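Pasting a structure below so you can have a look.
Where a number appears in this text, it was derived from the coordinates with a stated rule and is not lab data. Keep in mind the model is a prediction, meaning the values are calculated, not measured. Here the Cβ positions follow ideal geometry from the backbone for every residue, glycine too, while neighbour counts run over all protein chains shown.
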Amino acid sequence: MKKFYLLTVALIMCLSGCGDTDSDSQNSQTNVTTPTVSSSITTTTTTVTTTCNHIWIEASCTEPKTCSVCGETSGEPTGHQWEEATCTTPKICSVCGKTEGSAKGHKWKDATCTEPKTCSVCGKTDGSAKGHKWKDATCTEPKTCSVCGKTDGSAKGHKWKEATYDSPKTCKTCGKTEGDPLERVIPNIYLNTQLPCQINHYGSLTNKLMTTSTITGVDISIEENYNKSFDIIFKFSGQRDYDYQGELHSTAAVVGIKIYDSNGNVVDSDTYYSPNICYGETFANDEKKMYYVKLDPSETYYVELLNVK
Ligand SMILES: [Zn+2]
Ligand SMILES: [Zn+2]
Ligand SMILES: [Zn+2]
Ligand SMILES: [Zn+2]
Ligand SMILES: [Zn+2]
């Protein structure tokens, strides 16, 4: 009704001869048919196309600028201002909030020793770092993470046990060996007394001859005991020649043993007691051992058989 009223006013103004139709607004169109005066009675026939003082609603993403009154549009919709989808949000219009598709979701990188589970795109983390899985230091490797290989400190180094005759230089920790076992070196030893020889045993106080024996053979051998300490093994053979108590008596025959080095120094001495045998009886390969004699493996030693007082 209001529109019509306005139009009528405009028409009346025109009819009143006040000049051209005012057409300030380009959007306003008024078609006026000049009244036909046929008599004193004026008949006015008017065809009116609506004129609107548009009340514009700004263009939106999807709608052009539109008059809220008449619905007329102008231009184009602005279109959405898309922001790319992120890990947590879908593609979204920054203007109208419309979304498309869905969030991309995080691209998780597994937790490492030092970093928690982390999105490679946005950097979001979840949980905590795993921490290193340390393997203890060894002789040759420092404390090392079995996962990432990080090291801490330094290798312990081997704990060497010197070579022995049975085993090479060996690490007490890891068992690594170096080189060979020590070579067994046995010193040379020779009997320096001509055989057969007669050995006399005198009473220590009386100086009286107690026994006489003839040594016919001495077999001498050396065995390593440990670390340059040797056992010297003698095997005596011989016979009894005299016993101060008479032929049927069997006082042990006694033989003195002295060991010299190559410079004539006495190294050790001992006494061999023969089995209790009687005059005329013999003995063979009767063993006498000297234990733990310190000998230089590279030296040569000499044995002398001696009378005993
Ligand atoms: Zn309008
Ligand atoms: Zn939008
Ligand atoms: Zn992310
Ligand atoms: Zn690690
Ligand atoms: Zn080792």
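Using the Cα gyration tensor of region 194-297, with a ≥ b ≥ c the square roots of its eigenvalues, what is the shape: rounded (a/c below 1.5), prolate (a/b larger than b/c) or oblate (neither)?
The shape class here is prolate.
Where the only charges are on Cβ atoms (+1 Lys, Arg; -1 Asp, Glu), what is the dipole of region 156-309 about its Cα centre, to the nearest 20 debye?
680
Moving on to the next point. Please go through region 187-293 and write out the trypsin sites (Lys or Arg not before Pro) that DSSP classes as loop and that have at most 15 other C-beta atoms within 10 Å.
The qualifying sites are K208, K228.
Rank the residues F234, F283 as a footprinting-exposure proxy: fewest other Cβ atoms within 10 Å of their Cβ go first.
Fewest-to-most Cβ neighbours within 10 Å comes out as F283, F234.
Quick check: net charge around T193, other residues with Cβ under 14 Å of its Cβ, Lys/Arg +1 and Asp/Glu -1?
-1
Net charge near F234, counting Lys/Arg +1 and Asp/Glu -1 over other residues with Cβ under 15 Å of its Cβ?
Its environment carries a net charge of -4.
Still on this structure, please answer the following. Just how many pairs of Lys in region 188-306 have C-alpha atoms closer than 17 Å, counting pairs that are eight or more places apart or on different chains?
Lysine pairs, 8 or more places apart or on different chains, close enough: 8.
Would you list which lysines come within 20 Å of K117, measuring only between C-alpha atoms, while excluding same-chain residues fewer than 8 positions from it?
Reachable lysines: K104, K107, K109, K130, K133, K150.
Right, another one. Among the aspartates and glutamates, which fall within straight-line cross-link reach of K159, defined as a Cα-Cα distance under 15 Å, with same-chain neighbours fewer than 8 residues apart omitted?
E141, E178
Between the DSSP loop rule and a limit of at most 16 other Cβ atoms within 10 Å, which GluC sites (Glu not before Pro) in region 64-143 are left?
Qualifying residues, ordered by number: E72, E84.
Using a cut-off of 14 Å between beta-carbons, work out the net charge of the residues near K172 (Lys and Arg +1, Asp and Glu -1, K172 not included).
With Lys, Arg at +1 and Asp, Glu at -1, the neighbours total +3.
Order these by the 10 Å Cβ neighbour count, fewest first: I222, I186, I199.
Listed from fewest to most nearby Cβ atoms, that is I186, I222, I199.
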